[in-house]
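Take a look at the structure set out below.
The values are calculated or read from the model by the stated rules, or taken from the named source; none is laboratory data. All values reported here derive from a predicted model rather than from experimental measurement. In this analysis, Cβ positions are derived from the backbone assuming ideal geometry, glycine residues included, and neighbour counts consider all displayed protein chains.
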Amino acid sequence: MKPLTRRHFIERATRLTGSGYSAMMALNLIPASPARTLSLQGNGNGKRVLILGAGMAGLAAAYELGKLDYECTVLEARNRPGGRIWTVRRGTRETELEGDEQTCRFDEGQYFNAGAMRIPHHHESVIRYCRELGVPLESFNNTNEGAYYYSDGGRGPLANKRIRQRELHSDMRGYTAELLAKAFDQSALDLPLSAEDKEKVIEYLVAEGSLDAGRRYKGTARRGYRVAPSAYDQPGTPAEAPALLHLIEAGYLSPHFSNVPEYTYEQQTTMLMVPGGTDRLTEGFVKKIGKKITYGAEVKEIKKTEGGATVTYLDKKSGATKALTADFCICTIPLPVLSGIANNFSSDVQRAVDLVPYNNTCKVGLQFKRRFWEEDDGIYGGISRTNLDITQVVYPCSGYLSAKGVLIGCYNYGSTAERLGNLSPAEREKLVLAQGSKIHPQYGQEFESSFSLAWQKIPYSQGGWAVYSPEARQRYYPAFLQPDGPVYFAGEHTSYLTAWIAGAFESAVRTVESIHERVQRGS
Ligand code: PHE
């Protein structure tokens, strides 16, 4: 018999099934869609599932299991659903671990997303749920060439001066293209290219960097004008480009100013957002399965038993300790919190729960009397970046030209966020205003009120998102991909899409499929 080649296999499968698609999928020739639609057959026959956490993973799991006639209860420690989808508005209250209570004093209608704020356009699972639940999406302006870079503490003529992002982008494209063109000209690069090929590369570099006839970068209108074109006699005088040395001295070649929104897959245009606040997505689920959620239920113990799982929780309203049993349990509790909950998990799971680290992250929302960043600076959405602790200033990309506005005056990560998080809300406000004033001197005049949070100190989250080193991925991650007896794990931390809503959704889908398959098998 002739050996079966891949091609033959696909041809035969096509003849048998009328489509070669699944055969090609089986051979890995078509990448599986990142967001499979759940079209599970059969019936859960009222099997009981206890879901721990009403964040995106827990809500999506309850929603999908409900479609299959499982009986679900979602235990949520907070008095609100959504987890790390959290939109802060007037009246929002929070007390951080060892912290002071804050109450949001923004005007009615003003808000910021303290957690998830932006959705990559290729996160199909999120888009699918938005479509299914009737939650609208619009553009999140993650890239804005008119926003600022501000390098603090450099040297030279550009030291401590904000610059527009378009300036640095154009200048660095220009200078790198010039350097490369020079290297090609001098045949300094040992590449197997013909003279004609080299000419094509140089032609490309001239266009890419906006180089002059001598293949030098001398500035370009792309970086903006010193005198703008007018309807009178002014054709437009482009602003002079600074010398490469001056950009280096001022600190603008530091990774703080690398072009993350254009280069990172997750942040490329078009990014999306939920108009009115990301919590509208949470509401979409709550409309469907809200009755299944028990709020104020703080999980104290998770136990695998003979026939299923028993979860003990503190009913915060009555102060009573209660217990629920179920055939299965889906645990979406963030690991830093889960680590403090009594359990009889396998040692592999316990190790993973204790040892996968989480990122620190802070956001500080600032309400201003007027949208000076729009009125004075022409900034409509997008993000300014700096090497100061505040790291990013995120401008609202809705409500343009309206009277007041809330921007995110600080969004940082890691050790910088740890430092800021260790300050009191009043100290954070002071620091964020002082640092932000270096980019926007209008801060002092226009500021009204702030609300700040450090996710590592927010009860029931205790961190921003899971951060796996390659080693942790290899050693600990597999423990979350299979059930520990009746207990399943879901949440962004149980996916390769950590720090994104899509990780929560896709892990919920994985878990539901896995439970349903087991129930149908009858084991
Ligand atoms: N998804 C989060 C955000 O949009 C966290 C994150 C930040 C993830 C930066 C990757 C890179 O801000």
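Here are some notes:
- Pick from segment 365-407, criterion in a loop (DSSP other than H, G, I, E, B) and of a type in the set (Asp, Glu), ranking: nearest to the chain's Cα centre (by Cα): 389
- When segment 305-331 is filtered for residues that are within 17 Å of residue 479 (Cα to Cα) and either aliphatic (A, V, I, L, M) or out of contact with any strand residue (DSSP E or B) (no Cβ under 6 Å at 6 or more places or on another chain) (or both), only 330 remains.
- Any hit, segment 425-440, residues being within 16 Å of the ligand (Cβ to nearest atom), of a type outside the set (A, V, I, L, M, F, W, C) and on the phi < 0 side of the Ramachandran plot: no
- Some residue of segment 202-223 being farther than 30 Å from residue 133 by Cβ, more than 16 Å from the ligand (Cβ to nearest atom) and of a type in the set (Phe, Trp, Tyr): yes
- With respect to being assigned to a loop (DSSP other than H, G, I, E, B), under 17 Å from the mean Cα position of the chain (by Cα) and in the same structural domain as residue 450 (by TED's automatic domain parsing), residue 410 falls outside the description.
- Of the strands (runs of 3 or more DSSP E) lying entirely inside segment 84-184, those carrying at least 3 residues that are under 30 Å from residue 388 (Cα atoms) are 87-89, 93-95, 101-103, 111-113, 148-150.
- Residues that are farther than 17 Å from residue 63 by Cα and in contact with a Leu (Cβ under 9 Å, 6 or more places away or on another chain), drawn from segment 475-516: 475, 476, 493, 494
- Qualifying residue in segment 248-267 (condition: at pLDDT 95 or above, within 19 Å of the chain's Cα centre (by Cα), buried (at least 20 other Cβ atoms within 10 Å of the Cβ) and of a type in the set (S, T, N, Q)): no
- Within segment 263-313, being polar (S, T, N, Q), outside any helix (DSSP H, G or I) and more than 30 Å from residue 173 (Cα to Cα) holds for 278, 294, 305, 310, 312.
- Entry remark, segment 243-261: residues being within 15 Å of the ligand (Cβ to nearest atom) and either part of a helix (DSSP H, G or I) or charged (D, E, K, R) (or both) number 4 in total.
- Residues in segment 190-211 that are over 40 Å from the mean Cα position of the chain (by Cα) and surrounded by 10 or more Cβ atoms within 10 Å (Cβ to Cβ): 193, 197, 198, 199.
- Selection within segment 495-523 - touching a residue at least 12 places away in the same chain (Cβ under 8 Å) and within 16 Å of the ligand (Cβ to nearest atom): 495, 497, 498, 499, 500, 501, 502, 503, 504, 505, 506, 507
- Only listed residue being modelled with pLDDT under 95, acidic (Asp, Glu) and either surrounded by fewer than 20 Cβ atoms within 10 Å (Cβ to Cβ) or farther than 28 Å from residue 490 by Cα (or both), chosen from 71, 108, 11: 11
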